[in-house]
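Undergrad: Here it is, the structure, as structure tokens.
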Amino acid sequence: MRPFPLAIAAIALLVGVNSAYVINESQTAILLQFGRIVGTDIGPGLHFRIPFVQQVQRFDKRLLSFDSQPERSLTAEKKDVSIDFFVKWRISDAARYYVAVAGDEKQAQDRIAPKVKEGLRRAVNARTLQELVAGGRADLTKDLVADTNKAMQDLGIEIVDLRIKRIDLPEDGTVIGSVYERMKAERKKVASQLRAEGEESARTIRADAQRQVQVIKAEAYRDAEKTRGEGDAAASQVYAAAYGRNPEFYAFYRSMEAYRDVFAQDNGLFVLDPKSEFLRYLQESK
């Protein structure tokens, strides 16, 4: 009789183990009974089910990432661009998500990608390249998230964010060559303008320097002439004072200076009258 209670206990334990299930904080779940959904959006915690009849399907309720390959589109002016982007999404309705993609994340991404790319293509077609690069991407992604969410309602998916990582010009396109040529032309134009402005500034600086040199020379010549004149005046006053004190000595001194200047020449030849006043002191010295 003892094996019977043990069997009952084992069955009860098995039923109890299969009746309870746990959903952690990062998950949401639905409850299936014979393939039909009987419970949805089951939150974290300990829950119970009918064992062997009901099944639990768990889903990740955290933000999920979808990183797409770069998408090529044409701008409003028919320029080819390559846009690299990623999408942040989450499950908003577990029941719809299960019905739409059977709870498969890969299938969900395959459903998201065409909708996002289609919306992105339309948005790029309505904007110029300058608008995309200069600052239009914020408005573009905001509108694109709103439009894509409308299309994702039946899938139980919510697009939380869409970000454009990079906007490139395809290497095999003709746009990149024209852009480079235009950039080179603009750089050359700026360089020529800067060079012309530099030359003009250099000419102005040189002209101003030359003017300042002429002014400095003129002022120096003026000051020198003034000083020289003042010196000559002072010398004349000294000579006059000396002459007034001793005219004979002054005449002698001046004659000596004249002799020194005249006889300083090695090959000089002078024809003078021996009684000339110029030779008076030489005659008296004999």
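The values are calculated or read from the model by the stated rules, or taken from the named source; none is laboratory data. Fair warning: this is a prediction, and the values are worked out from it, not measured in the lab. Because the Cβ atoms are built from the backbone with ideal geometry, glycine has one as well, and the counts that use them run over all protein chains shown.
Undergrad: Within the set of pairs 6 or more residues apart or between chains, which connect a residue that is under 18 Å from Q109 (Cα atoms) and free of Cβ contacts under 8 Å to residues at least 40 places away in the same chain inside segment 42-68 to a residue that is among the aliphatic types (A, V, I, L, M) and assigned to a strand (DSSP E or B) with Cβ atoms less than 6 Å apart?
TA: Within 6 Å, the pairs are R58/A29; K61/I91.
Undergrad: Looking at segment 132-141, is at least one residue surrounded by 15 or more Cβ atoms within 10 Å (Cβ to Cβ), under 20 Å from R90 (Cβ atoms) and of a type in the set (V, I, T)?
TA: Within segment 132-141 (the criterion being surrounded by 15 or more Cβ atoms within 10 Å (Cβ to Cβ), under 20 Å from R90 (Cβ atoms) and of a type in the set (V, I, T)), the answer is yes, since at least one residue qualifies.
Undergrad: Could you tell me which of the residues S73, S68, S92, S82 is assigned by TED's automatic domain parsing to the domain that holds D161 and touching a Gly at 6+ places or on another chain (Cβ under 8 Å)?
TA: S92
Undergrad: Regarding M152, is this residue part of a helix (DSSP H, G or I) and surrounded by 13 or more Cβ atoms within 10 Å (Cβ to Cβ)? Full working, then the answer.
TA: Details: part of a helix (DSSP H, G or I): yes; surrounded by 13 or more Cβ atoms within 10 Å (Cβ to Cβ): yes.
Judged against the criteria, M152 is a match.
Undergrad: Let me ask something else about it. Mind listing whichever residues of segment 100-130 are assigned to a helix (DSSP H, G or I) and free of Cβ contacts under 8 Å to residues at least 24 places away in the same chain?
TA: The answer is K106, Q107, D110, P114, E118, R122, A123, Q130.
Undergrad: Turning to a different aspect of this structure: Among the residues of segment 82-110 satisfying the criterion of being closer than 16 Å to R163 by Cβ and among the β-branched types (V, I, T), which is farthest from the chain's Cα centre (by Cα)?
TA: V87
Undergrad: Restricting to segment 27-41, name every residue that is touching a residue at least 12 places away in the same chain (Cβ under 8 Å) and loosely packed, with under 11 Cβ neighbours inside 10 Å.
TA: Hit for segment 27-41 is F34, nothing else.
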